[in-house]
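These notes are about the structure you will find just below.
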Amino acid sequence: LLTALAASATSVWQMESLQEVGLIVGYFLIFLLASNLVGSNRLRLAAHLIVLASVGIAVVGLYQHLIGNVKQLELLRFAGHAQEARQLAVMIDRAFANFASANSFAGFLVLIIPVALGLLLSERDIRLRIWTVFALATLILALYFTFSKGGLLALSVALSVMVVGGLSRSKNSKWFAI
């Protein structure tokens, strides 16, 4: 944090650097929040809410892939927005929800899928397990429809890290995930 502040003071693009410092502060606060909630039911509730919101975004991406992009393209062409129609035509087959590109959407999903998988593996209530299976299936399907090879590669790396961390039976295995 201090390094980012010092670097932004000497940066050529100070406003952009200060915006990045704001992001770093936000990430630091999220880390502090998560580290204080480890082991509590509030962390599990927060994770379920994050997965729920992510499923909503994934459903938007799936709808967009199956129906929405074609309708948007027709509306743009009908309204005379040729440049926007050409940009959308490039991504017509890929789900990207409300993200700028399908690869950004895939990156978002790659961050959420391990959280949903962790909830599935740790949940004891059968109703929440069924919900988590549905959520995980929706997220994985949305990731598939982004057609992002980088997203699939990143998911395989994330799952590999989860497997290696899960095989470690030491007391510090929780910190391996962080």
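Taking the options S54, S17, S8, S35, name whichever one is at pLDDT 80 or above and either outside any helix (DSSP H, G or I) or open to solvent by less than 60 Å² (accessible area, probe 1.4 Å) (or both).
On the way: S17 fails: at pLDDT 80 or above; S8 fails: at pLDDT 80 or above; S35 fails: at pLDDT 80 or above.
Sole residue among the options that is at pLDDT 80 or above and either outside any helix (DSSP H, G or I) or open to solvent by less than 60 Å² (accessible area, probe 1.4 Å) (or both): S54.
Do any residues in the range 147-168 that are within 28 Å of L66 (Cβ to Cβ) and free of Cβ contacts under 8 Å to residues at least 60 places away in the same chain have Cβ atoms under 9 Å from those of residues that are among the charged types (D, E, K, R) and open to solvent by less than 90 Å² (accessible area, probe 1.4 Å), where the two are at least six apart or on different chains, and which pairs are they?
From the range 147-168, the pairs are F147/R94; S148/R94.
I'm trying to understand the selection: among the residues of the range 81-124, which are at positive phi and at pLDDT 85 or above?
First pass over the range 81-124, keeping only residues at positive phi: 97.
Across the range 81-124, there are no qualifying residues.
Among what's in the range 92-148 and is assigned to a helix (DSSP H, G or I) and of a type in the set (F, W, Y), pick the residue that is surrounded by the most Cβ atoms within 10 Å (Cβ to Cβ).
Out of the qualifying residues, it is F105.
The values are calculated or read from the model by the stated rules, or taken from the named source; none is laboratory data. Just so it is clear, the structure is predicted and the values come from calculations on it, not from any experiment. As a convention, Cβ positions derive from the backbone with ideal geometry for all residues, glycine included, and neighbour counts pool all protein chains shown. SASA here: full protein model, heavy atoms, side chains in, ligands and nucleic acids out. Shrake-Rupley method; radii C 1.70, N 1.55, O 1.52, S 1.80 Å.
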